[in-house]
Amino acid sequence: MYDDKNGQWQVNAKCRDYVADLFFPVGSSELAQQQTMEAKKVCSTCEVRLECLEMSLRTRRDTGIWGGATEQERKEMIRHFHVQKPNSNNKASKTIVDTEYYDDIMDYINLGKL
């Protein structure tokens, strides 16, 4: 589960075995689209994909492929699932995994809606 204090899940991220540029395609050229698909393929087999996606949604990452989702896909998820930024005043704020949207988010991931 995403932990904004130490991010230990990142040590298990599959993307660590790849050049970071793969996950930051530029533009919409055919090359950028191929790069996006390759990055998503890496993410699809990553054991910490959900943690990565959650971090990117909560911190509003505006570039790159995170948790298998592009910038536009994450924007759509934020709107659709009403993902909120962590509330520093509320230490018990729920994570995506704890919300009623968990199954819907997993469907997005597993059914390739991302």
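The values are calculated or read from the model by the stated rules, or taken from the named source; none is laboratory data. Here the structure is a predicted model, which is why all the values come from computation and not from measurement. Ideal geometry is used to build each Cβ from the backbone, glycine not excepted, and the neighbour counts take in all protein chains shown.
Observations on the model:
- Qualifying positions in region 46-77 - in a loop (DSSP other than H, G, I, E, B), touching a helix residue (DSSP H, G or I) at 6+ places or on another chain (Cβ under 9 Å), touching a residue at least 24 places away in the same chain (Cβ under 8 Å) and of a type outside the set (A, V, I, L, M, F, W, C): GLU47, ARG60, THR63, GLY64, GLY67, GLY68, THR70
- Residue count for region 61-79 satisfying the condition of being more than 10 Å from the chain's Cα centre (by Cα) and closer than 21 Å to GLN10 by Cα: 2.
- Checked against (1) surrounded by 16 or more Cβ atoms within 10 Å (Cβ to Cβ); (2) at pLDDT 80 or above; (3) out of contact with any Ser or Thr (no Cβ under 9 Å at 6 or more places or on another chain), TYR101 passes all but a single condition, namely (2).
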